[in-house]
1. So if I restrict to the alpha-carbon atoms in the range 39-82, what is the Rg, and what is Dmax, the biggest pairwise distance, in Å?
2. Arranged from highest to lowest average of other beta-carbon atoms within 10 Å per residue, in what order do the peptides 219-225, 202-208 appear?
3. How high is the FRET efficiency from residue 193 to residue 163, r the C-beta distance, R0 30 Å, rounded to 0.05?
4. Between residue 89 and residue 10, what FRET efficiency comes out of the Förster formula 1/(1 + (r/R0)^6) with R0 = 22 Å and r the beta carbon distance, rounded to 0.05?
5. Where the Cα atoms of the range 93-213 are projected onto their three principal axes, how long is each span, largest first, in whole Å?
6. Once both labels are modelled 7 Å past Cα along the beta-carbon direction, what's the residue 183-residue 55 spacing in nm?
7. How much length, in nm to one decimal, is gained on full extension between residue 75 and residue 174, taken as 0.36 nm per residue of separation minus their Cα-Cα distance?
8. Report, to two decimal places, the Cα Rg of the range 143-230 normalised by 2.2 N^0.38 Å (N = number of residues).
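Every number in this text was worked out from the coordinates using simple rules, so none of it is lab data. Here the structure is a predicted model, which means the values were calculated and not measured. Note that each Cβ is placed from the backbone with ideal geometry, even for glycine, and that neighbours are counted across all protein chains shown.
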Amino acid sequence: MVAYADAADEMFLRLKEAVSPSHSLPTDLLPEARTVVAYFLPFDEAVVRSNIEGRNASAAWARAYVETNQLISDLNSHIADALRAVGYQVATAPPTHNFNPEKLISDWSHRHVAYIAGLGTFGLNNMLITEKGCCGRLGTFVTDLVIEPTKRPDIESCLYKYSGTCIKCVEHCVNDALREDGFDRFKCYEMCLNNDRLHVDIPGIKDVCGKCLVGVPCSTVNPTGRLRSR
């Protein structure tokens, strides 16, 4: 999904209020930025199912998280090489762990950038719900290549926001970090660190949990899209 970096300046500027005053603009990553591209790599449904039971993240989920982050880095490098070979510039940000360790706030939020680019809408769990759900990983990059922008969805994908009919993500949060009226990022991160220690045998493990993403209507699909198609 694509957003014009110049035409969408107002939305990117609003991220300095919605996320952090230090949140980067596309032109901070690439001064000549014209386009921001965002994409979603969904996890296999078997990986999603493996993480439903228990308090801790499953080994399959943790491994998929790490391997998909590496895949995003490899994809971005490959795309950047291909675009540079034909005269365009590209800038990227790491797929994870690019945040202030004290405030736990990112200076380049892939979720918010992907929202601006039209990839989906936010759920009550603060994750982006795409047409393939929210279980997976997001990648983004910035380029001076001009690409036709994607129209952003005008209807919520989250059942709670769409009709007030679902709070399963809140119910599935194992560390009481997620509530209907708020989110405690420090409790969330505490659980992620617990999982990192549990799966220390997986190289590159960082910030893994995902309990609020699995076993919910938006895990692997856009649930309101199904409702509207009936």
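1. Over the range 39-82's Cα set, Rg and Dmax evaluate to 13.0, 43 Å.
2. 219-225, 202-208
3. So, using R0 = 30 Å, E works out to roughly 0.30.
4. 0.40
5. For the range 93-213, the Cα extents along the three principal axes come out at 44, 38, 25 Å.
6. In this crude spin-label approximation the distance works out to 2.3 nm.
7. On the way: separation 99, 0.36 × 99 = 35.64 nm, distance 3.28 nm.
Here the segment from residue 75 to residue 174 would lengthen by 32.4 nm.
8. Details: Rg = 17.0 Å, N = 88, 2.2 N^0.38 = 12.1 Å.
Its radius of gyration relative to the 2.2 N^0.38 Å reference: 1.41.
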